[in-house]
1. Failed condition for residue 94, given (1) in contact with a helix residue (DSSP H, G or I) (Cβ under 7 Å, 6 or more places away or on another chain); (2) over 17 Å from residue 17 (Cα atoms); (3) at pLDDT 95 or above, with all others met?
2. Restricting attention to segment 124-141, and to residues there that are at pLDDT 95 or above and open to solvent by less than 50 Å² (accessible area, probe 1.4 Å), which single residue is farthest from residue 22 (Cα to Cα)?
3. Of all residues in segment 19-37, which are buried (at least 19 other Cβ atoms within 10 Å of the Cβ) and in a helix (DSSP H, G or I)?
4. Please enumerate the residues belonging to segment 106-135 that are part of a helix (DSSP H, G or I) and free of Cβ contacts under 8 Å to residues at least 24 places away in the same chain.
5. Identify, by number, the condition in (1) over 20 Å from residue 110 (Cβ atoms); (2) not in a helix (DSSP H, G or I) that residue 7 doesn't meet.
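The values are calculated or read from the model by the stated rules, or taken from the named source; none is laboratory data. A quick note: this is a predicted structure, and the numbers were derived from the prediction, not measured. Cβ coordinates were reconstructed from backbone atoms using ideal geometry, including for glycine residues, and neighbour counts include every protein chain displayed. Surface accessibility is based on the protein's heavy atoms, side chains included, excluding ligands, DNA and RNA. Shrake-Rupley method; radii C 1.70, N 1.55, O 1.52, S 1.80 Å.
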Amino acid sequence: LKNKKCLNYIKKFAPIAQAEMKSFGIPASVTLAQGLLESNVGDSKLARRNNNHFGIKCFSKNCKKGHCSNYTDDSHKDFFRVYSSARESYREHSTFLQRSRYQHLKKLGTKDYEKWAHGLRKAGYATDKKYGFKLIKIIEALNLNRFDK
């Protein structure tokens, strides 16, 4: 069941991840692996209710109604962005990775998913020390690097 869900997720979002790769230079495999992991294959509350596939938080001090929603995460209140579509969430993810702390990753190009995966973690994208390895495992298990061409 999980594998069929993964394949459906990939079929649906690979074209978006590839379009984002062309526009922003982030390997589609890495974007897809992050989407699969962060959204629990599209099944997380954030993905289902907020179209938020990357766990992107809201740090705005004055949100308009519907801009974000509150979830309890790590025993404190967190506000997460709400998107009108999953595509919008993918674009925000690409935009988020344009921040200066991730700029050095662009020099890697779009073919080295391993360095990207570890580089994202080192740059502070995730606190999980195994984050890079998790992304690589997903990419290799599902052959996601085929979308980086």
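1. Exception for residue 94: condition (2).
2. 131
3. Just the residues of segment 19-37 that are buried (at least 19 other Cβ atoms within 10 Å of the Cβ), to begin with: 20-21, 26-37.
Selection gives 20, 21, 28, 29, 30, 31, 32, 33, 34, 35, 36, 37.
4. Once the filter is applied, which keeps residues that are part of a helix (DSSP H, G or I) and free of Cβ contacts under 8 Å to residues at least 24 places away in the same chain, segment 106-135 yields 114, 115, 118, 119, 121, 122, 131, 132, 133.
5. Of (1) over 20 Å from residue 110 (Cβ atoms); (2) not in a helix (DSSP H, G or I), only one is false for residue 7: (2).
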